[in-house]
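*Asks:* The structure follows.
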Amino acid sequence: MTYKDVYDLYIQLLHIYEKNEKYQGAYQKKIDYYKRQFFLTEDIVQKIFVLNQLIKIYEEKRGRIVQCCSEEYFS
């Protein structure tokens, strides 16, 4: 797998997260920061790193939603 393949995969994943996300809330500042960093980077490896950080934010939020739902279900 090349850097270009990884980059394309991350872009697709980020697009899906953003399409399904209605409201970022407390994470919006972090998301905005990394989006600005993405446009400032020049190297594809740096872009992949920034995309990875954005995806981690979305996954962290998704994890909290799943935890909240499971606590509600089992209570």
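Bear in mind these aren't lab numbers, they're just calculated from the coordinates by the rules spelled out. Please read these numbers as outputs of a predicted model, since none were measured by experiment. So basically every Cβ, Gly included, is an ideal-geometry build from the backbone, and we count neighbours across all protein chains shown.
*Asks:* For the chain, take the longest principal axis of its alpha carbons; what is the angle in degrees between that and the long axis of helix 44-74, to the nearest 10 within 0 to 90?
*Replies:* Taking Cα atoms only, the helix is inclined about 10 degrees.
*Asks:* Right, here's the next one. Tell me the volume per residue, in Å³, of the convex hull enclosing the alpha carbons of the chain. Let's see the in-between values first.
*Replies:* Numbers: hull volume 6.9 nm³, N = 75.
In the chain, the Cα convex hull volume per residue is 92 Å³.
*Asks:* Below 8 Å, C-alpha to C-alpha, sequence gap of six or more: please give me the relative contact order for the chain in percent.
*Replies:* Numbers: 33 pairs, mean separation 30.1, N = 75.
About 40 percent, as a whole number.
*Asks:* Note the angle between two axes, namely the Cα long axis of helix 3-20 and the longest principal axis of the Cα atoms of the chain, as a number of degrees from 0 to 90, rounded to the nearest 10.
*Replies:* The helix 3-20 is inclined about 40 degrees to the chain.
*Asks:* Run lengths n ≥ 4 of DSSP H only: what is the helix-derived mean residue ellipticity at 222 nm for the chain, with -39500 (n - 2.57) per run over all residues, to the nearest 500? Working shown, then result.
*Replies:* Details: 3 runs with 62 residues, N = 75.
Rounded to the nearest 500, it is -28500 deg cm²/dmol.
*Asks:* Hey, how many Å between the Cα centroid of the range 25-75 and the Cα centroid of the range 4-21?
*Replies:* 12 Å
*Asks:* Turning to a different aspect of this structure: Given a Förster distance of 30 Å, report the FRET efficiency between PHE38 and MET1 from their Cβ-Cβ distance, rounded to the nearest 0.05.
*Replies:* Values: r = 21 Å, r/R0 = 0.69.
Efficiency computed from Cβ-Cβ geometry: 0.90.
*Asks:* Another question, then. Can you work out the FRET efficiency for the pair HIS15 and TYR73, with r the C-beta to C-beta distance and R0 = 30 Å, to the nearest 0.05?
*Replies:* 0.50
*Asks:* Let me ask something additional. Taking the Cα atoms only, what angle lies between the long axis of helix 28-40 and the longest principal axis of the chain, rounded to 10 degrees?
*Replies:* Tilt of helix 28-40: around 10 degrees.
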